[in-house]
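Structure record follows, encoded as structure tokens.
The values are calculated or read from the model by the stated rules, or taken from the named source; none is laboratory data. Quick caveat, the model's predicted, so the values are computed rather than measured. Note that each Cβ is placed from the backbone with ideal geometry, even for glycine, and that neighbours are counted across all protein chains shown.
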């Protein structure tokens with residue numbers, strides 16, 4: 001089914017468009033917002049695609065001599081978003097996460113954390129069958 005407002009592909013009996021929020025008048029059920037969000041539980045919180053998801057936490061450390069920057073991403077993500085963010089966060093931490101005293105201690109833990117979550121999600125299928 002195509003959304004009448006944004007013209008993107010949505011589920012057949014969706015009450016609302018998951019991209020723009022437009023209410024679908026042709027849906028069969030009561031049109032409650034709660035039902036809409038229950039359906040969205042199986043979509044990626046980052047890209048919004050309807051695919052199998054898994055909760056992950058990725059951390060990135062950028063060490064500087066006197067201070068450090070920490071970034072993280074947490075949530076239920078699809079396999080494509082997991083792969084993309086794992087490599088981005090982990091490679092950045094490997095490259096510049098060691099600079100500084102605190103960063104030298106924290107960076108290995110962030111790398112282990114990222115690797116753990118990545119390995120636990122490696123069997124996640126890319127698409128719903």
Looking at (1) out of contact with any strand residue (DSSP E or B) (no Cβ under 9 Å at 6 or more places or on another chain); (2) closer than 30 Å to residue 11 by Cβ, can you tell me which one residue 67 breaks? (2)
Does residue 58 meet the test of being more than 18 Å from residue 10 (Cα to Cα), surrounded by 12 or more Cβ atoms within 10 Å (Cβ to Cβ), modelled with pLDDT under 95 and not assigned by TED's automatic domain parsing to the domain that holds residue 4? no
Out of all the residues in region 78-110, which are crowded, with 20+ Cβ neighbours inside 10 Å, in a helix (DSSP H, G or I) and touching a helix residue (DSSP H, G or I) at 6+ places or on another chain (Cβ under 8 Å)? 82, 86, 89, 90, 93, 107, 110
